[in-house]
Amino acid sequence: LGEIKDPDNAYVHLKLRFRADSTEGYPNVFQTAPVNRGMRMEIAGSTAVVTVRDLSAPDRLRDLILTTTLKTGQWYTLEVEALNGAYIHATLDGHLVADYASADIAMETSQLLVGVGFDVSRAFHGQIESISIIKGHIRHPSPEKFRADDRETTEFLP
């Protein structure tokens, strides 16, 4: 899906449907950059998380749990909205499952991929469909004080 060359105020809104046929080997549904430099969705058994680079976290990574009851063979609708240095919101089947705000979110946006992430050994095994992505930059009056309920006041930049 390309890249966003400048990660400052980078915005990604990804929506897709997925069905995992296997959860062995930590498969990744998407990523914004290789290894631990961006944001990715990873599956470990029945747990699905969004992992993002966050400079305020002890190991510089923040895991946002989406579900601990993921089932193979079942379809899920995932929607993730992220603004670098501000917030990440995620819904699973229409239910808000992650709502995290931090000025220290520092995801790279050099490699937006679906169906793989972290490295080639973590390819997703299953089906992904109905992929929709909006990517670019958002200007906000005060990004360091961004609150989730302020999303209506954002301005998209080309």
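Which of the following residues is closer than 15 Å to ALA123 by Cα and either out of contact with any His (no Cβ under 9 Å at 6 or more places or on another chain) or open to solvent by 40 Å² or more (accessible area, probe 1.4 Å) (or both): ARG37, ARG53, ARG19?
ARG19
Of the residues that make up region 126-133, is at least one more than 20 Å from LEU61 (Cα to Cα), open to solvent by 30 Å² or more (accessible area, probe 1.4 Å) and at pLDDT below 85?
no
Looking for whichever is within 10 Å of the chain's Cα centre (by Cα), in a strand (DSSP E or B) and free of Cβ contacts under 8 Å to residues at least 60 places away in the same chain here; the options are VAL12, VAL49, VAL97. Which one fits?
VAL49
Quickly run through region 112-134 and pick out the residues that are small (Gly, Ala, Ser), in a loop (DSSP other than H, G, I, E, B) and more than 15 Å from the chain's Cα centre (by Cα).
Within region 112-134, ALA123 is the sole residue that qualifies.
Scan region 40-47 and give yes if some residue there is open to solvent by 40 Å² or more (accessible area, probe 1.4 Å), at pLDDT 95 or above and within 19 Å of ASN9 (Cα to Cα), otherwise no.
Checked region 40-47: no residue is open to solvent by 40 Å² or more (accessible area, probe 1.4 Å), at pLDDT 95 or above and within 19 Å of ASN9 (Cα to Cα).
One line per residue, one yes/no per condition, for (1) at pLDDT below 95; (2) open to solvent by less than 60 Å² (accessible area, probe 1.4 Å); (3) over 12 Å from MET39 (Cα atoms); (4) not in a strand (DSSP E or B):
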{"site": "ILE65", "(1), (2), (3), (4)": "no, no, yes, no"}
{"site": "TYR76", "(1), (2), (3), (4)": "no, yes, yes, no"}
{"site": "GLU79", "(1), (2), (3), (4)": "no, yes, yes, no"}
{"site": "SER110", "(1), (2), (3), (4)": "yes, yes, no, yes"}
{"site": "ILE138", "(1), (2), (3), (4)": "yes, yes, yes, no"}
{"site": "ARG151", "(1), (2), (3), (4)": "yes, no, yes, yes"}
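The values are calculated or read from the model by the stated rules, or taken from the named source; none is laboratory data. Just so it is clear, the structure is predicted and the values come from calculations on it, not from any experiment. Quick reminder, even Gly has a Cβ in these numbers, built from the backbone with ideal geometry, and neighbours come from all protein chains shown. With ligands, DNA and RNA removed, areas are computed over all heavy atoms of the protein, side chains included. Shrake-Rupley method; radii C 1.70, N 1.55, O 1.52, S 1.80 Å.
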